[in-house]
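Okay, so here's the structure we're looking at.
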Amino acid sequence: MGYRMFLNSNDVAILMGVCNKTAKRYIQDIRQEYHIVNRKQITIREYSEYFKVPYDDVLRALLSRVVNGKLVKW
């Protein structure tokens, strides 16, 4: 099973180990930086470029936390 290409605030909170409110602020910062106005979520690529983290590392981190099709905290 693959993972979707968009990240929501819960995904960002899990990846970064922050609360959902902080994750929403990060997403808003990314949306502003990349001039994203027509969607709430961000792509994995946008996240990795903004935080200067290799795309493959982000994808691996996401996939390592998928249990029964849902992203879970460890």
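Quick notes on this one:
- Residues in segment 29-49 that are of a type outside the set (Gly, Ala, Ser) and assigned to a helix (DSSP H, G or I): ASP29, ILE30, ARG31, GLN32, GLU33, ILE44, ARG45, GLU46, TYR47, GLU49.
- Cβ-Cβ under 7 Å pairs, at least 6 apart or on other chains, segment 50-63 side assigned to a helix (DSSP H, G or I) and modelled with pLDDT of 95 or more, far side open to solvent by 70 Å² or more (accessible area, probe 1.4 Å) and of a type in the set (Asp, Glu): TYR50/GLU33
- Considering residues of segment 3-19 that are open to solvent by less than 60 Å² (accessible area, probe 1.4 Å) and farther than 19 Å from ASP56 by Cα only, the residue farthest from the chain's Cα centre (by Cα): VAL18
- Single condition GLN28 does not satisfy, out of (1) in contact with a strand residue (DSSP E or B) (Cβ under 7 Å, 6 or more places away or on another chain); (2) surrounded by 13 or more Cβ atoms within 10 Å (Cβ to Cβ): (1)
- Residues satisfying the stated conditions in segment 31-67, i.e. open to solvent by less than 90 Å² (accessible area, probe 1.4 Å) and of a type in the set (Val, Ile, Thr): ILE36, ILE42, THR43, ILE44, VAL53, VAL58, VAL66, VAL67
The values are calculated or read from the model by the stated rules, or taken from the named source; none is laboratory data. Please read all numbers here as calculations on a predicted model, not as lab measurements. Quick reminder, even Gly has a Cβ in these numbers, built from the backbone with ideal geometry, and neighbours come from all protein chains shown. Surface accessibility is based on the protein's heavy atoms, side chains included, excluding ligands, DNA and RNA. Shrake-Rupley method; radii C 1.70, N 1.55, O 1.52, S 1.80 Å.
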